[in-house]
Structure formats: C-alpha cells, structure tokens
Amino acid sequence: TGSRKPDLMLEAVIDKDQVFVQEPVSVSFLLYYATEVNLYDIRRHPSTEGFWNEPVEMKNARNLGNRVVQGKTYAVAEIYKTLLFPTQSGELTIGSMDVICEVMERSNRRRPSSLFDSFFDQVSRVRKDVRSDPVELRVKPLPKEDQPDNYQGVVGNYTIACLLYTSPSPRD
C-alpha cells in the first residue's frame, strides 16, 4: 500500500536559484492544504543570514488555486513573501519557516454515542505544525572586469529627484 499524503505542506519557492551579489531574489512561502484551515500563525520566519531582507507587505494570504502533488489535490495559498538581497557570494541557505495551523479534522469515531454526536462531534479543531525545507542559493561575486576605479559596491541604475517646496507669498 502507498503512504498517505499529508493534509498540510509548506514550500519555499524562489524565482531563481543563481544570482549575483546584491541581485534580488523573490521568496514565496506556499501553504498546501487538503483540509479546511481556519487560521495560521507564522511561528518562526526563515533565517536569512548573508542577505538583506525586505518583507513584502501582505494583508492576507493570496489564494493561488488548486495544484495536484503526487496525485493529491491541494488548495494553495501564498502566506508570506520577501525579497532577499545577497550581501556575500557563495552557497547561501534560506532557512525553513515554521507555521502552526488550526485545521478542521474529522473524528475517528465509528459509531455516534448519541443522535447529536453524528451532527456535531464528527469534526474538531486541531493545531498542526508545518515546516518548509531550507532552500539553497548560489550567489556569484560581481565581475571584476570593467569596474570603474571609484566603484564602491553599489549595483543598479539610480535616479535622484528633488522636490522643491516654496511657501506661498504672504498677502497684504
């Protein structure tokens, strides 16, 4: 017999697995669920040593529809997103995230002990922990060739704008 697939899974998804120092990487944490999830709470954010971390503000989880994983259908929601900017080269690890979920679970009673049990006691709220796997990222150093003499490690194209405010002239 095959092994039973979990009702909850958490996956860290990166938009690229190889970048240069200071090149942003988008990391989304996706909750896969095959049971009703009432609420979730992020217990531990991923460790991001070696990165500058800019979380993306999300008011609510973003529903991504359904996906089939190894023959089982899951609803999928993006529950956390961040942009990471590597500050050093080498093999870096985006740590795992720990989430606790309150799910609705059917009880295993074979026979209700009263008429009301069959209506009210078949489903209960259960807290379940779920953890994503760490993700490896290869960060390449910035190329040395063609660097300006005054280069100080800043990468990108920048525009600086200045807004000048003048107060209205007093009226006589």
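The values are calculated or read from the model by the stated rules, or taken from the named source; none is laboratory data. None of these values were measured; they are calculated from a predicted model. Positions of Cβ are generated from backbone atoms using ideal geometry, with glycine treated the same way; all protein chains shown enter the neighbour counts. Calculation scope for accessible area: heavy atoms of the full protein, side chains included, ligands and nucleic acids excluded. Shrake-Rupley method; radii C 1.70, N 1.55, O 1.52, S 1.80 Å.
Can you give me the P(r) profile for segment 6-90? Cα pairs, bins 10 angstrom wide beginning at 0, each as a whole percent. Going out from 0 Å in 10 Å bins, segment 6-90 shows 16, 44, 28, 12, 0 percent.
Over all Cα atoms in segment 9-59, the spread is summed up by Rg and Dmax: 13.5, 41 Å. For the pairs 59/144; 59/128; 5/81, note any where the Cα-Cα span goes beyond 31 Å. Too far apart for the 31 Å limit: 59/144.
A crude spin-label estimate for the pair residue 125 and residue 67, with each label 7 Å from Cα along the Cβ direction, gives 2.9 nm.
Which order do 78, 54 take when ranked by solvent-accessible area (1.4 Å probe, heavy atoms of all protein chains), largest first?
Ranking 78, 54 by accessible area, largest first, yields 54, 78.
Just subtract the alpha-carbon distance of residue 16 and residue 146 from 0.36 nm times their residue separation and send over the number in nm, one decimal. Provide the component values of the computation, followed by the final result.
Values: separation 130, 0.36 × 130 = 46.80 nm, distance 2.53 nm.
Using 0.36 nm per residue and subtracting the Cα-Cα distance, I get 44.3 nm.
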